[in-house]
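See structure below.
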Amino acid sequence: MKRYFLFIVLLAASISMASAQMELGVRGGFLTTNRSFKPDRKSSSVGNANNYGLVVTNWGEKFWGIQWGIQAEVALAERGYKYLQGDTADYKLTQQMVEVPLMAQLHLTYRAVSLFLNAGPYFGYVLKQTEELTRDGITTSTDTKFLKGYDRRFQYGLTGGPGLNVHFGSIALQAEVRYYMGFAHLYNPAVEGVPSASKETGLGMFVGLMYRFK
């Protein structure tokens, strides 16, 4: 796990050195995700707060009071879905993923308050996945191996949403709502007996602490 945090620090440092006007910070929050299947499966969302990472925001000049920029992140995220049988989840899949969103940002500021809108692609790589099976009230958990040609470890899609920054000098508190629409399948649809579609959707609520360098 340490090597992933080292990668995060090095990426953030390289972006900061090339930046003309920049904020660097950390963020965390709650993310709920699900998978849509074809043929349809009775799946349900899985939510958790194990989502955190580094945030770098760069922006340019103002045009008609609106400032544009780029927000990049490197984060560790936990996602998944579950099947329901009655009111009880009998199957649950949880995945730990390195996630890299690269989003354009529109920024409108009045005094110390900024409203912004993010939108852009995200890319992910699944590090680990865990299956939970519940039978007769007993739950067993197993770390599953990735099968070549069957599991899709690389994930990608679009993400974005509105947010709010409140500045206190060089420090800013950031709150954001973000929607995820995945384009990559969880399972290879070319494999016989596998769903023809298994794409991700998600909704996250994040808070962050930012520091403005210039």
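The values are calculated or read from the model by the stated rules, or taken from the named source; none is laboratory data. If you're wondering where the values come from, they're calculated on a predicted model, not measured in any experiment. Quick reminder, even Gly has a Cβ in these numbers, built from the backbone with ideal geometry, and neighbours come from all protein chains shown.
Only one residue in THR140, THR201 is exposed (fewer than 15 other Cβ atoms within 10 Å of the Cβ) and either closer than 21 Å to ALA104 by Cβ or polar (S, T, N, Q) (or both), so which one is that? Before the answer, list the steps.
Numbers: THR201 fails: exposed (fewer than 15 other Cβ atoms within 10 Å of the Cβ).
Checking each option against the conditions leaves just THR140.
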When segment 177-189 is checked residue by residue, the ones that are touching a residue at least 40 places away in the same chain (Cβ under 8 Å) and more than 11 Å from SER36 (Cβ to Cβ) are ARG178, TYR180
Members of segment 1-23 found to be surrounded by fewer than 18 Cβ atoms within 10 Å (Cβ to Cβ), at pLDDT 55 or above and aliphatic (A, V, I, L, M), listed by number
ALA20
Going residue by residue through segment 170-193, is there one that turns out to be in a strand (DSSP E or B), among the basic types (Lys, Arg) and over 29 Å from LEU147 (Cα atoms)?
yes
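Suppose we filter segment 194-214 for residues that are polar (S, T, N, Q), assigned to a strand (DSSP E or B) and within 19 Å of GLY149 (Cβ to Cβ); how many remain? Write out each step before concluding.
Our first condition is that a residue be polar (S, T, N, Q); within segment 194-214, this holds for 196, 198, 201.
Add one more test, that the residue is assigned to a strand (DSSP E or B), and what stays is 198, 201.
From what is left, the residues that are within 19 Å of GLY149 (Cβ to Cβ) are 198.
Count: 1.
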Which residue out of THR88, THR109 is of a type in the set (S, T, N, Q), closer than 30 Å to PHE168 by Cα and either modelled with pLDDT under 85 or in contact with a Cys (Cβ under 6 Å, 6 or more places away or on another chain) (or both)?
THR109
